[in-house]
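Only one structure is covered here, and it is reproduced in the block below.
Here, each number is a calculation from the coordinates, and none is a lab measurement. As the structure is a computational prediction, the values presented were derived from the model and not from experiment. Neighbour counts run over all protein chains shown; Cβ positions are idealised from the backbone, glycine included.
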Amino acid sequence: MTLSNKRILLIIGGGIAAYKSLDLIRRLRERGAAVRCIMTEAAQHFVTPLAVGALSADHVFTELFDRQDEQDVGHIRLARGADLIVVAPATADLMAKLANGLAGDLASAVLLATDRQVLMAPAMNPRMWAHPATRRNHAMLKKDAVRFVGPMRGEMAESGEAGEGRMAEPLEIVAAAEALLDDRPKPLSGRKIIVTSGPTHEPIDPVRYIANRSSGKQGHAIAAALARLGADVRLVSGPVSIADPAGVTATHVESARQMRDAVEALLPADAAVFVAAVADWRTADAAGEKIKKVAGEGPPALQMVENPDILAGVGHHAGRPLLVIGFAAETQDLLKNARAKLEKKGADLIVANDVSHGSGIGGAAGVMGGDRNRVRLVSRAGVEEWPEMTKDEVAERLAALVADRLRTIGA
């Protein structure tokens, strides 16, 4: 296991999401990690040191000027004695303190004194996350090599508001920690790879849109797997409810045109993997106000226009990556349509899967939104069929294939 015998220092910030830290401790220890915890004063209003200590099976540190803990400069020992420091929840206050070099309590002093990798899982009200001060601090911390997982979109536990600001789930934080501590060979080190993921939303009016079904699970898993092999992954994601994978640089978009612009701005790259379920059409003119239903009248006529073909645009681009991979989700004539897409789009490989077996609800292989997939790889050399696997397993295998193809190309 990646976390076996690893020492994790968990800093628990003050916020309702602190309750998730209890499960996070359990998940880390399940994977063989030793977990030592620091709790801020605010965190102790949400969970108790007694509960944290019971789950971590270790002393819980709370005070910077504790006589017993500081007799051997305890905060320096804590800062240097871990393989990884995880901050979860990472509040706006903790982010601001580290970004601006403040060290007035134990948690911030440890963060300022450490030479270890820091992983933050932000959690706060959506308006706090969107505030210019928080955005500046986030950008500064990323520039200082702090890694982030999340935040996620969803409903806030404390206010009922919805938006971006929910803390990543414990297993997502664990996966991010595993990626940062993975010391396996990195065959994609130095390679820049673009990955698209999720759906696009094409507005009809301010409250309605056209979209394809896509959870983003497969695209995000591929981005994470490529990052674990050392790639500089640039993820362009449509609207999804899952956290950004650890170790990737993400750009969030809504529409197909925004996704195209974001992808083209990232060129040149060594490879590009187009997993996103981009809507083929959009309305010619989205209404500025909600379209109201009028009794006795039928639905309004929508004039549709074609969206840009992002895969074809990159496949035939002057700055085309060395390796271009597309995805094809089909309900009929799977291989015929995948072969046609391979030629038309200028791709090197099409990953094809049959999505005709369900509605997108549940876990059937190939169903959009499920947790498993059965794919066929279509190239000019022929067709390779893979067995049914989890989406993470598909991602690992595809990432290894990308590494092998780029090594063979040798550029």
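The table below gives the values:
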{"read-out": "Reachable aspartates and glutamates from residue 341, criterion Cα separation under 19 angstrom, eight or more residues apart if same chain", "value": "280, 306, 309, 330, 333, 354, 384, 385"}
{"read-out": "Euclidean distance between Cα centres, the stretch 102-138 to the stretch 313-336, Å", "value": "40"}
{"read-out": "Cα-derived Rg to Rh of the stretch 7-181, Kirkwood definition", "value": "0.94"}
{"read-out": "Nearest-20 debye value, the stretch 286-357 charge dipole, Cβ charges on Lys, Arg, Asp, Glu", "value": "100"}
{"read-out": "Size of charge dipole - the stretch 192-409 - debye, nearest 20, with Cβ of Lys, Arg +1 and Asp, Glu -1, no other charges", "value": "160"}
{"read-out": "HN-Hα J in Hz across the stretch 112-117 - Karplus 6.51, -1.76, 1.60, θ = phi - 60°, x for Gly and Pro", "value": "7, 8, 7, 10, 9, 5"}
{"read-out": "Amide H within-cut-off set for residue 87, under 5 Å, with H built and near neighbours excluded", "value": "11, 119, 120, 121"}
{"read-out": "Of all DSSP beta bridges in the chain, antiparallel share, percent nearest 5", "value": "30"}
{"read-out": "The stretch 7-181: relative contact order in percent, alpha carbon pairs under 8 Å with at least 6 residues between", "value": "23"}
{"read-out": "D_trans [Stokes-Einstein, Kirkwood Rh over alpha-carbon pairs] for the chain, 4 °C, 1.567 mPa s, µm² s⁻¹", "value": "56"}
{"read-out": "Table column - 3J(HN,Hα) (Hz), the stretch 338-355, Karplus curve with 6.51, -1.76, 1.60, x for Gly and Pro", "value": "5, 5, 5, 5, 4, 6, 5, 8, x, 8, 8, 7, 10, 8, 10, 9, 8, 10"}
{"read-out": "Net charge dipole size for the chain [Lys, Arg +1 and Asp, Glu -1 on Cβ; Debye, nearest 20]", "value": "720"}
{"read-out": "Residue among 21, 307, 245 farthest towards the positive dipole end of the chain, charges placed on Cβ", "value": "307"}
